[in-house]
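Trainee: Take a look at the following structure, please.
The values are calculated or read from the model by the stated rules, or taken from the named source; none is laboratory data. In this text, all values refer to a predicted model and were calculated from it rather than measured experimentally. Note that we place each Cβ from the backbone using ideal geometry, even for glycine, and neighbour counts take in every protein chain shown.
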Amino acid sequence: MDPNELARIEVQRSARPVHGGLGWKYPGVEDFSSNLNPYGPPAQLAQYIDEARDRLIWYPDDHSTEFRNAICSRLGVAPDQVIAGAGSAELIRLFPETFLDRGDKVLMPRPTFAEYGYGCRLRGAEVIEVPLREDNDLRIDLTEMMSRLQGCKAAYICNPNNPTGRVLSRKEVLEFASECERRKALLFLDETLLELVPGSKDITCIAEVGSRDNIFLIRSLTKCFAMPGMRIGYGIGNDRIVRLMDSARLSWNLGQLEQHVGAKLLTDCYGHISKAAEMMGKERSRMAKEISATGLVNIREPDSFFFFGRCNGRTGLEMQEELLGQNVLVRDCASFGHPFEHYVRFSVKTPERNSSLIEAFRRAGGV
Ligand SMILES: Cc1ncc(COP(=O)(O)O)c(C=O)c1O
């Protein structure tokens, strides 16, 4: 018997998406390849894990009540507008599982976070990609997106967009959401990187989501508390969207540790995020100037806290290897497809570590 013949056709054809965040493979190397809070997790993390240890003998609360209540208090949303996820990655998968059938069309920019297209294709949906143009500074072109919306069941926006690092304003996102609504399309809005952007409170669409019929927004504790090793995320939408997704959710998706740690971090450590955002907002212009001066990579100052740029005369992989020789890791962006094999992505960290990255670029370029 050949199990291949028994698998769904979409599974047979699928290839797993490629991600950055491979710092664990290179102990002792300074990791700029993933976009995490450079201050690391809050000091209280170990204590919170300790507090939850005795609870491991029980199944976790299937509704993640303690964690969801903490989200509601922190963000001013109602419990029935919140769903917890084992990382936002689980919710990225749950959305197409809830809403998409074979043959449905979805719209997204290219490049963007690979899990969206992967989850949709696994459901048999057709992914329509709107390429970002270098002559538009690789910004998401919402006018172009709107012109392609007809017949789509959902559109995806990542704000700031991974890997390009460009930010859309709240007004732009909401106008696009309204157009989606006119066309009867859902909007999947990924704000997992937004809290680390200076001024994010004026950009987030959280306050609007409850009153809209068609937005589902995701957030995560991964980036803002620098803890990708624990899988804690959440989604916010109006109660009808959330109820549907909750019906299709995996039982006990967040463990005891995740629920308790997530609740404590959101309740007691939220200032940890804005402190990092503010610091990175100051660092990014110095990095843009000094790294550009090496002539190795074409970058502009990002509106966010990570850079995305074309390497001069080398591929992203070659650039990554040269910089690894200087003990720093950047993300080779070949997995985003042509022409991004010539691009690298790297994040802003603390001033001292940023100086080591600048120095590594200088040495690699012989400057
Ligand atoms: C834009 C974006 N969204 C979502 C995720 C998923 O993160 P997590 O599952 O850790 O919340 C990532 C991870 O790299 C990401 O870059």
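Trainee: Which numbered condition trips up residue 337, out of (1) at negative phi; (2) at pLDDT below 95; (3) within 22 Å of the chain's Cα centre (by Cα)?
Mentor: Result: residue 337 fails condition (1) only.
Trainee: Here's another thing I want to ask about it. Please work out if residue 254 is among the aliphatic types (A, V, I, L, M), crowded, with 23+ Cβ neighbours inside 10 Å, in the same structural domain as residue 133 (by TED's automatic domain parsing) and over 17 Å from residue 37 (Cα atoms). Can you show your working first?
Mentor: Numbers: among the aliphatic types (A, V, I, L, M): yes; crowded, with 23+ Cβ neighbours inside 10 Å: yes; in the same structural domain as residue 133 (by TED's automatic domain parsing): yes; over 17 Å from residue 37 (Cα atoms): yes.
Yes: the conditions hold for residue 254.
Trainee: Follow-up question, since we're still on this one. Of all residues in the stretch 198-248, which are near the ligand (Cβ under 10 Å from one of its atoms) and without any contact (Cβ under 8 Å) to a residue 12 or more places away in the chain?
Mentor: Listed by number, the list holds a single entry, 229.
Trainee: Let me ask something else. Could you pull out every one of the helices (runs of 4 or more DSSP H) wholly within the stretch 173-277 that has 3 or more residues that are among the charged types (D, E, K, R)?
Mentor: Values: elements: 206-209, 221-224, 239-248, 256-268.
Output list reads 239-248, 256-268.
Trainee: Residue 282 is checked against (1) without any contact (Cβ under 8 Å) to a residue 40 or more places away in the chain; (2) in the same structural domain as residue 72 (by TED's automatic domain parsing) and fails just one. What number does that condition carry?
Mentor: That leaves (2) as the condition not met.
Trainee: May I ask you to verify whether residue 17 is within 16 Å of the ligand (Cβ to nearest atom) and either touching a residue at least 12 places away in the same chain (Cβ under 8 Å) or part of a helix (DSSP H, G or I) (or both)? Reasoning before the result, please.
Mentor: Values: within 16 Å of the ligand (Cβ to nearest atom): yes; either touching a residue at least 12 places away in the same chain (Cβ under 8 Å) or part of a helix (DSSP H, G or I) (or both): yes.
For residue 17, the condition - within 16 Å of the ligand (Cβ to nearest atom) and either touching a residue at least 12 places away in the same chain (Cβ under 8 Å) or part of a helix (DSSP H, G or I) (or both) - is met.
Trainee: Does the stretch 107-118 include one or more residues that are away from the ligand (no atom under 16 Å from the Cβ) and more than 19 Å from residue 236 (Cα to Cα)? Explain how you work it out, then say what you get.
Mentor: Of all residues in the stretch 107-118, those away from the ligand (no atom under 16 Å from the Cβ) come to 107.
When the remaining residues are screened for being more than 19 Å from residue 236 (Cα to Cα), the result is 107.
Within the stretch 107-118 (the criterion being away from the ligand (no atom under 16 Å from the Cβ) and more than 19 Å from residue 236 (Cα to Cα)), the answer is yes, since at least one residue qualifies.
To keep it simple, each residue is scored yes or no on (1) of a type in the set (Asp, Glu); (2) over 17 Å from the mean Cα position of the chain (by Cα); (3) more than 17 Å from residue 173 (Cβ to Cβ); (4) surrounded by fewer than 19 Cβ atoms within 10 Å (Cβ to Cβ).
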residue: 86; (1), (2), (3), (4): no, no, yes, no
residue: 94; (1), (2), (3), (4): no, no, yes, no
residue: 112; (1), (2), (3), (4): no, no, no, no
residue: 120; (1), (2), (3), (4): no, no, yes, no
residue: 123; (1), (2), (3), (4): no, yes, yes, no
residue: 139; (1), (2), (3), (4): no, no, no, yes
residue: 145; (1), (2), (3), (4): no, yes, no, no
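Trainee: Condition first: under 20 Å from residue 85 (Cβ atoms) and among the aliphatic types (A, V, I, L, M). Now tell me which residues in the stretch 192-218 satisfy that.
Mentor: 193, 194, 196, 206, 209, 215, 217, 218
Trainee: Can you list residue pairs whose Cβ atoms sit under 7 Å apart, with the first residue in the stretch 338-354 being over 27 Å from residue 278 (Cα atoms) and the second being not β-branched (Val, Ile, Thr)? Count only pairs 6 or more apart in sequence or on different chains.
Mentor: Pairs found: 340/111; 340/333; 340/334; 341/316; 341/334; 342/310; 342/311; 342/316.
Trainee: Same structure again: Filter the stretch 161-179 down to the residues that are free of Cβ contacts under 8 Å to residues at least 60 places away in the same chain and within 16 Å of the ligand (Cβ to nearest atom) and list them by number.
Mentor: From the stretch 161-179, those free of Cβ contacts under 8 Å to residues at least 60 places away in the same chain are 161, 168-179; that's our starting set.
If the condition is that a residue be free of Cβ contacts under 8 Å to residues at least 60 places away in the same chain and within 16 Å of the ligand (Cβ to nearest atom), then 161, 168, 173 are the ones that fit.
Trainee: Condition first: part of a loop (DSSP other than H, G, I, E, B) and within 21 Å of the chain's Cα centre (by Cα). Now tell me which residues in the stretch 315-334 satisfy that. Break it down into steps so the answer makes sense when it comes.
Mentor: Going residue by residue through the stretch 315-334, those that are part of a loop (DSSP other than H, G, I, E, B) are 315, 325-327, 330, 333.
Hits for the stretch 315-334 are 330, 333.
Trainee: Within the stretch 169-193, work out how many residues are over 18 Å from residue 95 (Cβ atoms) and of a type in the set (A, V, I, L, M).
Mentor: Here is the first cut: in the stretch 169-193, the ones over 18 Å from residue 95 (Cβ atoms) are 169-172, 174-175, 178-179, 182.
Add one more test, that the residue is of a type in the set (A, V, I, L, M), and what stays is 174.
Of the residues in that region, 1 qualify.
Trainee: In the stretch 57-95, what residues are in a loop (DSSP other than H, G, I, E, B), within 15 Å of the ligand (Cβ to nearest atom) and of a type in the set (Ser, Thr, Tyr)? If you could, list the steps in order and put the result at the bottom.
Mentor: Within the stretch 57-95, the first condition is being in a loop (DSSP other than H, G, I, E, B), and the residues that meet it are 58-64, 76-78, 86-87.
So of that shortlist, the ones also within 15 Å of the ligand (Cβ to nearest atom) come out as 64, 86-87.
64, the sole residue that qualifies.
Trainee: Within the stretch 278-296, is there a residue that is crowded, with 19+ Cβ neighbours inside 10 Å, assigned to a helix (DSSP H, G or I) and in contact with a Cys (Cβ under 7 Å, 6 or more places away or on another chain)?
Mentor: no
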